[in-house]
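Contents: one structure, followed by commentary.
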């Protein structure tokens, strides 16, 4: 997590637009092996930390971008 925080801080310090791309690994089956589960859990934590700090977060489903932060604001009411 320390490396992820360092990455987020470095991205925040850049004066250009930073785009990060990651796989969504938490919406499928639970991996059968421990290494696969550890990867899924770590990727999920990294995605959450970076998403919290991002201005915009998109999930692309079937080629359609869904802006998650706006959607979360609307749904939370």
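Read-outs: derived from the displayed coordinates by stated rules, not from any lab. Nothing here was measured: the structure is a model prediction, and the numbers come from that model. Glycine also receives a Cβ, built like all others from the backbone with ideal geometry; neighbour counts cover every protein chain displayed.
Treat the count of other C-beta atoms within 10 Å as a stand-in for reagent exposure and order 27, 20 from fewest to most. Sorted ascending by nearby Cβ count, the order is 27, 20.
Kindly put 73, 4 in sequence by how many other C-beta atoms sit within 10 Å of each C-beta, fewest to most. Write down the numbers at each step before the final one.
Numbers: 73 10, 4 16.
Placing the least packed residue first, the sequence is 73, 4.
To make sure I understand, if each residue's beta carbon is the centre and we count other beta carbons within 10 Å, what order do 7, 75 fall in, fewest to most? Don't skip to the answer; put the middle values down first.
Values: 7 16, 75 7.
Ranking 7, 75 by Cβ neighbours within 10 Å, fewest first, gives 75, 7.
Pairwise inverse Cα distances across the chain, averaged and inverted, put the Kirkwood hydrodynamic radius at 14.1 Å.
Full extension of the chain between residue 64 and residue 7 gives 17.8 nm of extra length, using 0.36 nm per residue less the Cα-Cα distance.
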